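Working notes, structure below.
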Amino acid sequence: MGNKIESGSNYDKNFPRQLIRTCAQSRRTGYIHAFIPSLPAIAGIDKSDNGHQVMNTLEQIEAQLATLSKSERKVAARILAAPQEAIHSSIARLARAAEVSEPTVNRFCHRLGTRGFPDFKLQLAQSLAKGASWVSRDVNDDDDTRGYSHKIFDSALAGLQQVRDQLDLAVVQQAVTALSQAQNVAFFGLGASAVVAHDAFIKFLRFDLPVVWSEDIVIQRMSCINSRAGDVFVLISHTGRTKNMVELARLASVNGSTVIAVTSPASPLAEVATLALTLDVPEDTDVYLPMVSRLTQLTVIDVLATGFILARGAAFRENLKRVKEALKESRFDKPFTQENAVQQKN
């Protein structure tokens, strides 16, 4: 970082995104995590009338993170995590979400060269509207195959590590206990989250347990209305703001069922759930395709499934082994190798 950077060099034009890609605040520690990409990456660059490259609002925030105060970085982290939500927030609401004062939000806006919060929101909205890529904030229109492939993998790895470090293991244990003692389990989600719910359904279907899955909201509602104590509903929603999901949680809770939410922190769904497995993923699916958020949801389902198997004990694992043996008949045999021979011998 001490070396001089020549103006016009490849490193110079990529410097802001290479310095800090994204940042997310841990609600438990207050620590700001910065992820540094392995490849130069700068997204959302606009061209001014004189042909010079100009950073949009999100890029300006990321480039100035190192110079912001601790409280201002909290504001920056909240906006980077959900820029679309920031556009529709009042200054009071954004301050509460970032756990700072309203004057701090105003100072942050002035640091970015805007006249205040309303002007900042306008510039942020214009930046999102002009954004070249609606696939991922890390991807540019001119990325080659190597560039966008590595960016997607880097983003996925960083997101998974962030969720692993922030995941509340006490809540994970409570969720595993609830699932292992459940009389019936249902996995529900809508849109992209329905795919994650279906993956969970297939996993738990092997566990000698009554399991339900549906992406039809009418069937989901009927299941919750007819639920009872001892039933467990796993509701999956990245934003946690889908009204139908929140309503399902309330319907199931009224009957004494346990509701486990896999969702974002401080969301309406997290607030009404019995247990909330919150995944603080800086990905705004109101604007971009769900990528890292979906991967983290799938990984958490794997964690719950593994905990369930271990909680049920050795006898249950024998039953799972019988299920796997029965499924072998539906597949062609593996090509015989020396490694297979060693495995069969053991």
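The values are calculated or read from the model by the stated rules, or taken from the named source; none is laboratory data. Computed from a predicted structure; not experimentally measured. Positions of Cβ are backbone-derived with ideal geometry, glycine not excepted, and every protein chain shown enters the neighbour counts.
Do we have any residue at all in the stretch 152-160 that's among the aromatic types (Phe, Trp, Tyr), over 18 Å from the mean Cα position of the chain (by Cα) and either part of a helix (DSSP H, G or I) or modelled with pLDDT under 80 (or both)? No, there is no match, as no residue in the stretch 152-160 is among the aromatic types (Phe, Trp, Tyr), over 18 Å from the mean Cα position of the chain (by Cα) and either part of a helix (DSSP H, G or I) or modelled with pLDDT under 80 (or both).
For the stretch 141-174, filtering for residues that are in contact with a Gly (Cβ under 8 Å, 6 or more places away or on another chain) and either closer than 23 Å to Ala77 by Cβ or surrounded by 16 or more Cβ atoms within 10 Å (Cβ to Cβ) (or both) leaves 1.
Give, as residue ranges, the helices (runs of 4 or more DSSP H) completely inside the stretch 199-291 that count at least 2 residues that are among the hydrophobic types (A, V, I, L, M, F, W, C), in contact (Cβ under 8 Å) with a residue 12 or more places away in the chain and within 23 Å of His88 (Cβ to Cβ).
Working: elements: 217-225, 243-254, 268-272.
Those helices (runs of 4 or more DSSP H) span 243-254, 268-272.
Taking Val254 as the residue in question, decide whether it is in contact with a strand residue (DSSP E or B) (Cβ under 9 Å, 6 or more places away or on another chain) and either of a type outside the set (Ser, Thr, Tyr) or surrounded by fewer than 24 Cβ atoms within 10 Å (Cβ to Cβ) (or both).
Numbers: in contact with a strand residue (DSSP E or B) (Cβ under 9 Å, 6 or more places away or on another chain): no; either of a type outside the set (Ser, Thr, Tyr) or surrounded by fewer than 24 Cβ atoms within 10 Å (Cβ to Cβ) (or both): yes.
Against the criterion (in contact with a strand residue (DSSP E or B) (Cβ under 9 Å, 6 or more places away or on another chain) and either of a type outside the set (Ser, Thr, Tyr) or surrounded by fewer than 24 Cβ atoms within 10 Å (Cβ to Cβ) (or both)), Val254 does not qualify.
Just a yes or no: is a residue in the stretch 197-207 among the acidic types (Asp, Glu) and modelled with pLDDT under 95? No. For Val196, the stated conditions do not hold, so it cannot be described as β-branched (Val, Ile, Thr) and not in a helix (DSSP H, G or I).
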